[in-house]
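These notes concern the structure reproduced below.
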Amino acid sequence: MRKFLCALMAVMMLGVLTGCGGGDKKAAPAKAETKKELIVGTEPGFAPFEFQDEKTKDYAGFDMDLIRAIAKQAGFAKCTINNMGFDALIPALGTKNIDVIASGMTISEERAKKVTFTKGYYTSGLVVLVNKDNNAIKGIEDLKNKRIGAQIGTTGAMQATKVPGAQVKNFNVNSDAALELKNKGIDAIILDLPVAQWFLKQGGSEYAKIVGATLDAEEYGFAVSKDNKDLAAKLDKALAELQKNGEYDKLYKKWFGEAPKK
Ligand code: ARG
């Protein structure tokens, strides 16, 4: 009880402090910890991490469930999800249109120059997807001089540009790349393994297959603006709590059918 009262007083004092912000007429931008709403950006063509329910148009998927649970755990009253192009997400953090990216985004050194990532919450990797009747391409080593498709701004697209002689075609959404593969306008797609697996299970296996080994492991993280490290810490804390109380495992099982490897 004592602890609770202390905490309550601390919160009230904080309120007083931020309430009379030292003579500056312009209101200070809402601090992460006093904001009630968490605005999330995502590109929802990435099942099972983010997609829109066909009927309700609600956002579903592991990332969506997890970021909502994290927002709740961190004390946000509301969690709003905005749909945008994958390559528009990092710029949207910069212009403060969103607070956080939840979009299966791989933590990379390159991106970490522009954003602050939370701790990783999912281990993934890239794979090569080809037409089922293509027996010439058995893995990434066979992609030289081929036409490779990938979603714009993704690690898959970056990987494709490293293949000697390859002609890289960028697509706004993965479903467009899949259609182009089906129509034989491209020879392969480089994309995230769990998304490729989900796609095959949802009917893609009629014409496509995964070939070769999974490329290097990648870790997904949520990303916030570089000047919002407080928010990153808050999200990290909430994520750790959900990992401890079993909620994270529950969501992982819901979407991937098994508990996460420890
Ligand atoms: N993990 C890859 C990356 O970070 C692909 C992410 C694509 N996410 C999406 N929601 N479309 O580049």
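What follows draws every value from the coordinates through simple rules; no lab data is involved. Note that the coordinates shown come from a computational prediction; the quantities given were computed from them, not determined experimentally. Methodologically, a virtual Cβ is constructed for each residue, glycine included, from the backbone with ideal geometry; neighbour enumeration extends over all protein chains shown.
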Residue match in the range 224-245 (condition: within 21 Å of the chain's Cα centre (by Cα), part of a helix (DSSP H, G or I) and farther than 30 Å from T116 by Cβ): no
Yes/no for T42 being farther than 20 Å from A233 by Cβ, out of contact with any strand residue (DSSP E or B) (no Cβ under 9 Å at 6 or more places or on another chain) and either near the ligand (Cβ under 10 Å from one of its atoms) or of a type in the set (S, T, Y) (or both): no
Qualifying residue in the range 129-141 (condition: out of contact with any Leu (no Cβ under 6 Å at 6 or more places or on another chain) and closer than 19 Å to I90 by Cα): no
The range 210-229 residues that are in contact (Cβ under 8 Å) with a residue 60 or more places away in the chain and hydrophobic (A, V, I, L, M, F, W, C), paired with ones that are surrounded by fewer than 17 Cβ atoms within 10 Å (Cβ to Cβ) and part of a strand (DSSP E or B) (beta carbon under 7 Å, 6 or more apart): L215/G125; A217/T123; A217/G125
Of residues in the range 91-128 being among the polar types (S, T, N, Q) and within 13 Å of the ligand (Cβ to nearest atom), the one surrounded by the most Cβ atoms within 10 Å (Cβ to Cβ): S103
Within the range 129-174, considering residues that are closer than 17 Å to T106 by Cα and touching a helix residue (DSSP H, G or I) at 6+ places or on another chain (Cβ under 6 Å), the one surrounded by the fewest Cβ atoms within 10 Å (Cβ to Cβ): I152
Exclusive hit being assigned to a loop (DSSP other than H, G, I, E, B) and under 23 Å from L191 (Cβ atoms), set G120, G75: G120
Members of the range 191-223 found to be in a loop (DSSP other than H, G, I, E, B), aliphatic (A, V, I, L, M) and surrounded by fewer than 16 Cβ atoms within 10 Å (Cβ to Cβ), listed by number: A213
